[in-house]
1. If you scan the stretch 155-206, which residues turn out to be more than 30 Å from Asp35 (Cα to Cα), in contact with a Phe, Trp or Tyr (Cβ under 8 Å, 6 or more places away or on another chain) and of a type in the set (A, V, I, L, M)?
2. For the stretch 19-39, which residues satisfy the criterion of being surrounded by fewer than 18 Cβ atoms within 10 Å (Cβ to Cβ), closer than 21 Å to Lys170 by Cα and in contact (Cβ under 8 Å) with a residue 24 or more places away in the chain?
3. Can you tell which of Ile123, Ile164 is touching a helix residue (DSSP H, G or I) at 6+ places or on another chain (Cβ under 7 Å) and within 25 Å of His264 (Cβ to Cβ)?
4. One residue is enough: does the stretch 53-69 have a residue meeting the conditions of a type in the set (Gly, Ala, Ser) and under 28 Å from Leu171 (Cβ atoms)?
5. Does Glu61 satisfy the condition of being among the acidic types (Asp, Glu), surrounded by fewer than 14 Cβ atoms within 10 Å (Cβ to Cβ) and part of a loop (DSSP other than H, G, I, E, B)?
6. Taking Leu99 and the conditions (1) closer than 22 Å to Asn39 by Cα; (2) in contact with a strand residue (DSSP E or B) (Cβ under 8 Å, 6 or more places away or on another chain), which numbered condition does it fall short on, given that it satisfies the others?
7. Could you check, for the stretch 302-324, whether at least one of its residues is within 18 Å of Gly261 (Cα to Cα), out of contact with any strand residue (DSSP E or B) (no Cβ under 8 Å at 6 or more places or on another chain) and either not in a loop (DSSP other than H, G, I, E, B) or not small (Gly, Ala, Ser) (or both)?
8. Give the stretch 315-334 a look and list any residue that's farther than 25 Å from Gln223 by Cβ and either surrounded by fewer than 16 Cβ atoms within 10 Å (Cβ to Cβ) or outside the structural domain of Gln223 (by TED's automatic domain parsing) (or both), or say none.
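The values are calculated or read from the model by the stated rules, or taken from the named source; none is laboratory data. Given the structure is predicted, the values throughout are model-derived calculations rather than measurements. Quick reminder, even Gly has a Cβ in these numbers, built from the backbone with ideal geometry, and neighbours come from all protein chains shown.
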Amino acid sequence: MKQLLIKPEIHKIDTFDEFYKIFEIGENDLILTIDPIYNTYLKDKKEKLNVVFPEHYALGEPTDEMIDRILSDIKNINFNRVIAIGGGSIVDIAKLFALKQAKCSEQLFLREVPIVKEKKLIIIPTTCGTGSEVTNISIALLTKKNTKLGLSGDELYADYAVMIPELLIKLPYKVFVTSSVDALIHAAESFVSPKTCSYTELFSIKAMEIILKSYMEVVKNGQEHFRTIIEDFLVASNYAGIAFGNTGVGAVHAMSYPLGGVYHVPHGEANYQFFIEVFKYYEMKQPVGKIQDLKKLIANIIGTTEDKAFEDLGKLLNNLLALKPLKEYGMKEEEIKGFAKSVIETQQRLLVNNYVPFTEEDLTKIYAKLY
């Protein structure tokens, strides 16, 4: 049985200018990024650069329509490397642009055409959550189906994953919280996954230790303190990415997708809504096993008792960002059963990674409780 795969070559570089020189960025590269990154680090470079700003096409997370519009606009650009400098949305799009292109991106996500990698791929995360720089997954909203789907395969791995702490210093506080809690969820879901092993546990445990201890520092010292320890969160996100890239994630992510797809709730924030409740439900259904180990781990890190581990973890997270009922995002009560049905029908690739199996009824109960 395969234990662990770490595909990209991982680099940590102090500054963007140092990266730019080492990797010899130039006109044969296609760079995907956002305006603030471009204006701060790329605008004054003397080389001719091919830069694409996905946010100019549509705000929010990637959709097949957005991807197809960008593909149409870059079809006459000659490039042999794709460089993603951004958060999860930028990275998800860039992974697709390194592939041999189909007539439309929906064909890739529905596996109607072969997945063939054609370009080198360099990923530089500018948030501390997705871990996408070391995973082989791309997520997009398929507009016709009105839900998010994932495309995975070794062809989507980056060739180089580059961590540059300098790029995260100016993160808005809420983006920091929702992205880092996403990394925490990656690590926790990986830890209880049926596919976990001693190697992935090393990464998931270390990620949780770093994130939770650092969260307690932020609560103690104030919101702005995260900027002084942002490198810790960046590394923890990378560890969590390695863990879940090998084990997959489960019901927390699966249940978040309809909320994100229909109401455009950012990925990490959507996951946060379901995190504690899903794990409490796991415990109710199967209290003995990995969930018990997880509670012990969390209790030791945050300084509480095992029986209060999930409750006190929820309190810690709520001190960073208040949890909201689902109806405050616009979700309607009559959508509860539809969301549960959609998860069962479209997210089996994630649900197989659950600590215990969930039925449509289980999902309905969780949505209803959080509504």
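1. Within the stretch 155-206, Ala187, Ala188, Val192, Ile205 qualify.
2. Looking only at the stretch 19-39, we keep the residues that are surrounded by fewer than 18 Cβ atoms within 10 Å (Cβ to Cβ), and these are 20-24, 26-28, 34-36, 38-39.
Filter once more, keeping what is closer than 21 Å to Lys170 by Cα: 20, 34-36, 38-39.
Residues satisfying the conditions are Tyr20, Ile34, Pro36.
3. On the way: Ile164 fails: within 25 Å of His264 (Cβ to Cβ).
On inspection, the qualifying residue turns out to be Ile123.
4. Start the filter on the stretch 53-69 by keeping residues that are of a type in the set (Gly, Ala, Ser), which leaves 58, 60.
Okay, now just the ones that are also under 28 Å from Leu171 (Cβ atoms), so 58, 60.
Within the stretch 53-69, one or more residues are of a type in the set (Gly, Ala, Ser) and under 28 Å from Leu171 (Cβ atoms).
5. Values: among the acidic types (Asp, Glu): yes; surrounded by fewer than 14 Cβ atoms within 10 Å (Cβ to Cβ): no; part of a loop (DSSP other than H, G, I, E, B): yes.
No: the conditions fail for Glu61.
6. (1)
7. Yes, because at least one residue in the stretch 302-324 is within 18 Å of Gly261 (Cα to Cα), out of contact with any strand residue (DSSP E or B) (no Cβ under 8 Å at 6 or more places or on another chain) and either not in a loop (DSSP other than H, G, I, E, B) or not small (Gly, Ala, Ser) (or both).
8. Within the stretch 315-334, Lys327, Gly330, Lys332, Glu333, Glu334 meet the criteria.
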